[in-house]
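Below: the structure, in C-alpha cells.
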Amino acid sequence: MAEPALSGRQSAVPAAATMTAAARARAMRAQGRDVISLTLGEPDFASPPHAVQAAHEAALRGETKYPPVNGTPGLRHAVRAKFERESGLVFSDAEILVGHGARQIIYDALTATLDAGDEVVVPAPFWNAYPLIAAMAGAQPVFVACAAADGFLPDPDAIARAITSRTKWLVLNYPNNPTGAVCTAERLRAIAEILRRSPHVWVMSDDMYEHLIHDGTPNPTLAAVAPDLAPRVLTISGVSKTYAMTGWRVGFAGGPARLIGAMTKVQGQSTGGVSPVAQAAAQAALEGPQDMVGVMRAAYAARSRRVVAAMRDVPGLACRAPAGAFYLFVDVAGMIGRTSAGGCRIDSDEAFCSALLEEAGVAVVHGAAFGASPYMRLSTAADDAALHAACARIAAFCASSV
Ligand SMILES: Cc1ncc(COP(=O)(O)O)c(C=O)c1O
C-alpha cells in the first residue's frame, strides 16, 4: 500500500550537519561513551540574572497571552534603540521584527521573497542554514568561494560574477560562522559598489556575532557603511550569542517596512509572536548592564588563542587565528591520505571528523557542511577543561594516524 508522501521540496534538502553531529555526540554520551562535543555554537555562560528576573516578573504580571506577531512594543523599542546606539541605524517601528531566534528571521525573510528557481548568493564558507533554508523555499544557493589567503572574505568581483537576473539575495555574515572572519568597512564599501549595479538584489547582513570581535572593535555593518542601500538591507542580530541566551529563542531584524511586513505575514502563519516572557528577558538584556558582554568576549578570545596555539602544534593541522565569533576553522589537508589507528582511511574531512569522534571521542563538524574542504569547525564556546582535553585528544588522534 502506498505511504503518505512527504513534499519533494523538503525531501531534497539534507539534514543540517551541525545538528546531526550534535545529535550523534549526544546519542553516544547517552550510551555511556566519553564524548567532548564541540559541535554547536552554544555559549557555556549563564544568561544575565537581570534577564531571568525580568522574565519571572513578566510571567507574574500575567504577560502570558498571545503577543503581537512582530514583537512586544517594549522589545521593539529596545531593538530600535540598540540599532541606533550601536550601529547608527535608525528604524521606524514598522521596520522592526522580533522572531524565534535569528534563524526564524532568516526563514521568514527567505520564505517571504523566494520563488522556485530564484538564486541566493552565499559566500563560502557559510553557516549551513542559509543554503538549507533557501533550498526549502525552492531556490538555488549560488556559492562564492572565499580564499583562506584572503582572510575568508568575499572578493567583490566574484560576487559580481555570481549575481544574475535570478538573484534575490546576497547573504553577508560577519563575524563569520564558521571562520570567525570579520569584514572590513573597506571591503563592505567595495561590495556596496557591486550592489548599486544590481538593484534587484536584497542583502542580508547577519550580524549575530557582532559583539564577539576578539579585540573589542565595533563591527562594520553594510547598512551603516552604505546608507543608500538601506532600503534593501535586512540587518539581523539577536540575544543568543551576545548574551548567552540561546534557549530563549529571541532574534530580531531591522529592514525596509515592505520586507518586514511580508516576513511578519510568514511568521504569523508559522509560529506567531515569540513568548512575551522571553521577550521581556531579551528587552532587559538589551537595556540592562552590558558588562557581561565584555567579560564573555574576553573569555572567548583567550580560549580561542589557546586552542589556535594547540592546533598549530599538531603536525597535519593548520589554523588561522579568527578575529571574532567562537569557532576555529581548522585546515585538515595534512591529514588527508592517512589511516587512523582504528583503521579508518581518512580520504575527506567528513571521514576525518567521523574517525575523530569514534576513536578519540571529540565531536566537531566537517568543513564540507560549511562549503569548504578539507576543514573541521570546532566551537570554542566550551569550558576550559573540555577544550584542553579535546586538544589533547585531537593531537593524539592525529599523531597516531599514519
Ligand atoms: C551566523 C548565525 N546566524 C544566526 C544564528 C541563529 O541564532 P538564533 O539562536 O538567534 O536562532 C546562528 C546560530 O548558530 C548563527 O551562527
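The values are calculated or read from the model by the stated rules, or taken from the named source; none is laboratory data. Predicted model, so just to flag it, every value in this text is computed and none were measured. Ideal geometry is used to build each Cβ from the backbone, glycine not excepted, and the neighbour counts take in all protein chains shown. The accessibility values were calculated without ligands, DNA or RNA, using every heavy atom of the protein model including side chains. Shrake-Rupley method; radii C 1.70, N 1.55, O 1.52, S 1.80 Å.
Could you grab me the full set of residues in the range 232-244 that are within 8 Å of the ligand (Cβ to nearest atom) and assigned to a strand (DSSP E or B)?
236, 238
What helices (runs of 4 or more DSSP H), lying completely within the range 43-157, carry at least 3 residues that are among the acidic types (Asp, Glu)?
On the way: elements: 49-60, 73-87, 101-113, 129-136.
Once the helices (runs of 4 or more DSSP H) in the range 43-157 are filtered for at least 3 residues that are among the acidic types (Asp, Glu), nothing remains.
Going by the conditions given, is residue 247 away from the ligand (no atom under 16 Å from the Cβ) and either assigned to a loop (DSSP other than H, G, I, E, B) or at pLDDT 95 or above (or both)?
Numbers: away from the ligand (no atom under 16 Å from the Cβ): no; either assigned to a loop (DSSP other than H, G, I, E, B) or at pLDDT 95 or above (or both): yes.
The answer is no for residue 247.
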Problem set entry | Of all residues making up the range 1-56, the number that are of a type in the set (Gly, Ala, Ser) and either free of Cβ contacts under 8 Å to residues at least 24 places away in the same chain or open to solvent by 70 Å² or more (accessible area, probe 1.4 Å) (or both) | 12
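A quick yes/no check of all residues on (1) among the small types (Gly, Ala, Ser); (2) in contact with an Asp or Glu (Cβ under 7 Å, 6 or more places away or on another chain); (3) open to solvent by 40 Å² or more (accessible area, probe 1.4 Å):
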site	(1), (2), (3)
269	no, no, yes
272	yes, no, no
276	no, yes, no
282	yes, no, no
293	no, no, no
297	no, no, yes
305	no, no, yes
309	yes, no, yes
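In the set 218, 156, 141, which member is open to solvent by 10 Å² or more (accessible area, probe 1.4 Å), within 16 Å of the ligand (Cβ to nearest atom), of a type outside the set (S, T, N, Q) and in contact with an Asp or Glu (Cβ under 9 Å, 6 or more places away or on another chain)?
On the way: 218 fails: within 16 Å of the ligand (Cβ to nearest atom); 156 fails: within 16 Å of the ligand (Cβ to nearest atom).
Selected residue: 141, the only one of 218, 156, 141 that is open to solvent by 10 Å² or more (accessible area, probe 1.4 Å), within 16 Å of the ligand (Cβ to nearest atom), of a type outside the set (S, T, N, Q) and in contact with an Asp or Glu (Cβ under 9 Å, 6 or more places away or on another chain).
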